[in-house]
1. Which one is surrounded by the most Cβ atoms within 10 Å (Cβ to Cβ) among residues in the stretch 110-161 that are among the aromatic types (Phe, Trp, Tyr) and touching a His at 6+ places or on another chain (Cβ under 9 Å)?
2. Does MET250 meet the test of being of a type in the set (A, V, I, L, M) and touching an Asp or Glu at 6+ places or on another chain (Cβ under 9 Å)?
3. Only strands (runs of 3 or more DSSP E) wholly contained in the stretch 194-301 count here; list those with 1 or more residues that are of a type in the set (D, E, K, R) and more than 16 Å from the ligand (Cβ to nearest atom).
4. So is TYR399 in contact (Cβ under 8 Å) with a residue 40 or more places away in the chain and within 14 Å of the ligand (Cβ to nearest atom) or not?
5. Could you tell me which residue of the stretch 474-485 is nearest to the chain's Cα centre (by Cα), considering only residues that are touching a residue at least 60 places away in the same chain (Cβ under 8 Å) and under 15 Å from VAL510 (Cβ atoms)?
6. Going residue by residue through the stretch 187-198, is there one that turns out to be farther than 22 Å from ASN239 by Cα and surrounded by 22 or more Cβ atoms within 10 Å (Cβ to Cβ)?
7. Give the stretch 327-363 a look and list any residue that's assigned to a loop (DSSP other than H, G, I, E, B), away from the ligand (no atom under 16 Å from the Cβ) and not hydrophobic (A, V, I, L, M, F, W, C), or say none.
8. Considering only the stretch 444-458, state which residues are closer than 19 Å to THR531 by Cα and buried (at least 17 other Cβ atoms within 10 Å of the Cβ).
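The values are calculated or read from the model by the stated rules, or taken from the named source; none is laboratory data. Worth saying up front: this structure is predicted, and the values here are computed from it rather than measured. Ideal geometry is used to build each Cβ from the backbone, glycine not excepted, and the neighbour counts take in all protein chains shown.
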Amino acid sequence: MCGIIGYVGKENAKDIIISGLLALEYRGYDSSGIAYNDHNKIKIVKMEGKVANLQKKLGENNDLPHIGIGHTRWATHGKPNEINAHPHKVGITTLVHNGIIENYSELKNKLKNIYEFKSETDTEVACALIDYYQNKEKDKLQALKKAQKELNGSYAFAIIFDDEPNCIYAMRRNSPLIVAEKDNDYFIASDIAAILSHTNEYYLLDQGDIAKVSEKLTFYDKDLNLIHKKINKYQGTINDVMKNGYDHFMLKEIHDEVNVYKNIIKSYVPNLDIQDLKNNFGSFLKYHSITIVGCGSAYHTGLAAKYLFENYANIPTNVEMASEYRYKKIFPKKDELVILISQSGETADTLEALRIAKENEMDTLGIINVLSSSIARESKRVIYCLAGCEIAVATTKAYLAQALILSLMAILMGYERNIISDNEANNYLKELSKLQKDTNDIISNQEYYKKIAKDFYKDREMFFIGRNIDYALCMEASLKMKEISYIHSEAYAAGELKHGTISLIEKNMVVFGIITNSSIASKTISNLKETKARGSKMILVTTKAIAKNYENDDSFHYIITVNNLCPFFQGLTIITALQLISYYVALLKGENIDQPRNLAKSVTVE
Ligand code: AGP
């Protein structure tokens, strides 16, 4: 949600913190702030809007601090403005926070006779609580421990006290936080992107851990026992968080999709042989049903996987939005596998869904992109989808990496259940090379998709319709269009349209029809034509083989085709083509593609 950073060292803390906040800006970008030790006085500077505004403001002073904390915000409590921006200071306590304090109004009631509150934020209340206990306890660690007991919800804090201006305390629960050191310089950050230009080695704070950062680094667990932390190494490089000449991270990450497929093949199916999958994924034979849980695009990968798991492995598969799953009645089954899908591995609803599945003693498998993220660490098993750092808020390569992992799982499960023979399985796996080539061809043909986007980027609404797995692809294509272009796009089950929603179809409204399944192609075509009869502009997105049947039908505004692939991989190239169209629609509209309004890359609050 928000991004926090802290620094203690020999460099100018202002520069270190600003470059860290710029790297964290994809987490939230509506206001930002910094606090640093200016001659043993804690100085706070906050600004509404992008980090660049704060950078400009800071440029006006010549302070050379060596310790400081910073924050870039995605507003939850209180609108984005300077007062609600972080850091917040109460008494002698100054802090930045990522997360939500769910019981902040009770705590505010408890503290309102002691402290005057200036902002609308939950964070300021947490700051007051910590200040209240540091006053009472006189020992900072005891104060933090006491505060932890009363704070409900999610938090990652970086804290400076007036009477210890050369020291930062950091603690977390549910929100991610890492700590790193390099040549006696110390860093605290929400994720590795903020410090990659300094080091790729870091410590992970576990639930309730506290770190004390001054001239040395000390870790305590939630009971204040001194603890030793193992170093984690990030596999990528600083290039992962640089645009490297691309106009946007989204375009860079679409161009990275073939490399991602290569990573997955090299790690999980090096010989394009089903035995590789057995060795690397293990067995799923003991499961008689599966529940897939995720949010947004992660949920959409589950929707598509359902059709593959049921059709090719004969496993009843249920797909749940994590925000619904965590509050619905669960019917736990011993032989059920719960698959949690998440790019960030920190999405609050999915993390909580995982904990509920574990409480109900169900096996859990995380399909995660960010290494050692909370969902990865807390799942019984994890399959990393190896997409590398994804900065653009709108997921592209990570969605496809998750989808490919699930497709490979479907092949393996079908094989384990003797529904797919090893010959068939290996023939499917051989198509992975074709998947890479086709994806490359689509990406190198991006001008074609730009031309199509030019046709309707001024439109205000559109539809994506499809049946079965194509409906799942429509969900993702529509979300991509919506979240970066702000065009009100809806995905709809093609057969359902005529039961009401078709009343929205107006003259020249664009309706995309996605068809990868030839056995029901004519059904979706009829539904498309029903919209055409009401004036729509039909855009058919399908395979070359299916398109053959309509090449003489000039009623289509566009027929966008991709090469034929086996059903396990066919949807992936369709999505790459539609990602490019969404990208160019948003580009032509001049929208902020990497940081769309109102969104954040990792939703760590409910
Ligand atoms: C997708 O482009 C969005 N960024 C969003 O829907 C995202 O998929 C969702 O928030 C889930 O995030 P996760 O994969 O990190 O859990």
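1. Across the stretch 110-161, the extreme among qualifying residues is PHE157.
2. Working: of a type in the set (A, V, I, L, M): yes; touching an Asp or Glu at 6+ places or on another chain (Cβ under 9 Å): yes.
Yes; evaluated as a whole, the condition is true for this residue.
3. Hits in the stretch 194-301: 201-204, 210-213.
4. Numbers: in contact (Cβ under 8 Å) with a residue 40 or more places away in the chain: yes; within 14 Å of the ligand (Cβ to nearest atom): yes.
Taking the combined requirement at face value, the residue satisfies it.
5. First pass over the stretch 474-485, keeping only residues touching a residue at least 60 places away in the same chain (Cβ under 8 Å): 475-477, 479-481, 483-485.
Now narrow it down to the ones that are under 15 Å from VAL510 (Cβ atoms): 477, 480-481, 485.
Working: ALA477: 16, LYS480: 13, MET481: 17, SER485: 18 Å.
Among residues in the stretch 474-485 that are touching a residue at least 60 places away in the same chain (Cβ under 8 Å) and under 15 Å from VAL510 (Cβ atoms), the one nearest to the chain's Cα centre (by Cα) is LYS480.
6. Within the stretch 187-198, not a single residue is farther than 22 Å from ASN239 by Cα and surrounded by 22 or more Cβ atoms within 10 Å (Cβ to Cβ).
7. Looking only at the stretch 327-363, we keep the residues that are assigned to a loop (DSSP other than H, G, I, E, B), and these are 327-335, 343-347, 360-362.
Filter once more, keeping what is away from the ligand (no atom under 16 Å from the Cβ): 327-335, 360-362.
If the condition is that a residue be assigned to a loop (DSSP other than H, G, I, E, B), away from the ligand (no atom under 16 Å from the Cβ) and not hydrophobic (A, V, I, L, M, F, W, C), then TYR327, LYS328, LYS329, PRO332, LYS333, LYS334, ASP335, ASN360, GLU361 are the ones that fit.
8. If the condition is that a residue be closer than 19 Å to THR531 by Cα and buried (at least 17 other Cβ atoms within 10 Å of the Cβ), then PHE456 is the only one that fits.
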